[in-house]
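Heads up, the thing below is written out as structure tokens.
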Amino acid sequence: MLRFLYVIFMNLSRAPYMIPKLRRMAKNREKYSEEQRYAYVKKAVHYMMKSGRITTEVYGTENLPEEGGYVMFPNHQGKYDALGIIYAHSKPCSFVMDKAKSNTFLVKEIVDVLDAKRLEIDNVRQNLRIINEITEEVKQGKRFILFSEGGYGKNDNRVQQFKPGSFKSVMRAKAPLVPVALIDSYKAFNEISFGKVTTKVIFLPPMYYEDYQGMKTPELASLVRRKIIEKMEEFGVVAE
């Protein structure tokens, strides 16, 4: 948390022009393409990484589907997770996050610019609406990051159980799902440290509809979690 506040402080000089531009982009989407908006968010992420002394190593980009929509399912470690994936992911993508955490400085602007989904954790009806929205948008070619563990608490590199319901949208869309292994991502913004940090984003081979067709959501959730754990173990990390 201290590093996150430090990063915000170190970028205050950029805030007077970057924050208003992000807001203009969010408000006037017809004037800015999805690629332009995504590129500007990546620029902001780059500044945050540089001032925060964060390096992110990226693996497996060749595994990402070249066309069409898909959903990425990473393990969840902290505030940097989505930013690390956005840094690693060349094509525009969006994400789903807790509405209660979505209106803080800079986070709100990034959420709005990328048309991210604000999830009301305890609102079942709203959750169903969000699932339906993601389903339709993925069918139309959009890419999402969805954290199946829900919150991150003190996960560190330990992978918690994945929530089966989070897989409903990709299954209904009959779209590819991409497991994503995050390593040491929690060290960026969830540790009390100002030293250099190296995180890893690893895109695993996608699972296409024919690979998971007929599975129940609990079975799919367990399988994706297991794939992520096994990949993290290949990198020498104890993940459970």
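Determine the distance separating the Cα centre of region 26-43 from the Cα centre of region 131-149; give it in Å without decimals. First find each Cα centre; the distance between them is then 19 Å. Over all other residues within a Cβ to Cβ distance under 12 Å of F194, the charged ones net out to +3, with Lys and Arg as +1 and Asp and Glu as -1. Largest mean-square fluctuation among Y32, Y186, Y47, in a Gaussian network model of the chain whose springs join Cα atoms under 10 Å apart, belongs to Y32.
When the solvent-accessible area of the chain is split by element, carbon and sulfur atoms take up 52 percent of it, the probe being 1.4 Å. Note on the chain: GNM, Cα springs under 10 Å; of S51, S169, S185, the largest mean-square fluctuation is that of S51. If the chain linking E120 and Q213 were pulled fully straight, counting 0.36 nm for each residue of separation and taking away their Cα-Cα distance, it would gain 30.6 nm.
Close amide H contacts of T199 (hydrogens built in the peptide plane, cut-off under 5 Å, sequence separation of 5 or more or a different chain): T55, T56, E57.
Using the 1.4 Å probe convention, the accessible area of region 140-181 works out to 41 Å² per residue with neighbouring protein chains retained. Computed with a 1.4 Å probe over protein heavy atoms only, the accessible surface of region 1-111 comes to 49 Å² per residue.
The slack between F235 and V107, meaning 0.36 nm per residue of separation minus the straight C-alpha distance, is 43.0 nm.
When the alpha carbon gyration tensor of the chain is reduced to an equivalent ellipsoid, its three semi-axes come out at 27, 22, 16 angstrom, largest first. Among the trypsin sites (Lys or Arg not before Pro) in region 136-240, those placed in a DSSP loop whose Cβ has at most 10 other Cβ atoms within 10 Å are K154, K196.
Taking other residues whose beta carbon is less than 11 angstrom from the beta carbon of Y38, and scoring Lys, Arg as +1 and Asp, Glu as -1, yields +2. Packing, taken as the mean count of other beta carbons within 10 Å per residue, orders the peptides 79-87, 144-152 from highest to lowest as 79-87, 144-152.
Provide the gained length on full extension for the span T55 to Q36, in nm with one decimal, where the gain is 0.36 nm per separating residue minus the Cα-Cα distance. Gain on extension, T55 to Q36, equals 4.5 nm.
Which order do F105, F167, F4 take by accessible area at a 1.4 Å probe, largest first?
Highest to lowest solvent-accessible surface, that is F105, F4, F167.
The values are calculated or read from the model by the stated rules, or taken from the named source; none is laboratory data. Predicted model, so just to flag it, every value in this text is computed and none were measured. As a convention, Cβ positions derive from the backbone with ideal geometry for all residues, glycine included, and neighbour counts pool all protein chains shown. To get the accessible areas, we keep the full protein, side chains included, count just its heavy atoms, and leave off ligands, DNA and RNA. Shrake-Rupley method; radii C 1.70, N 1.55, O 1.52, S 1.80 Å.
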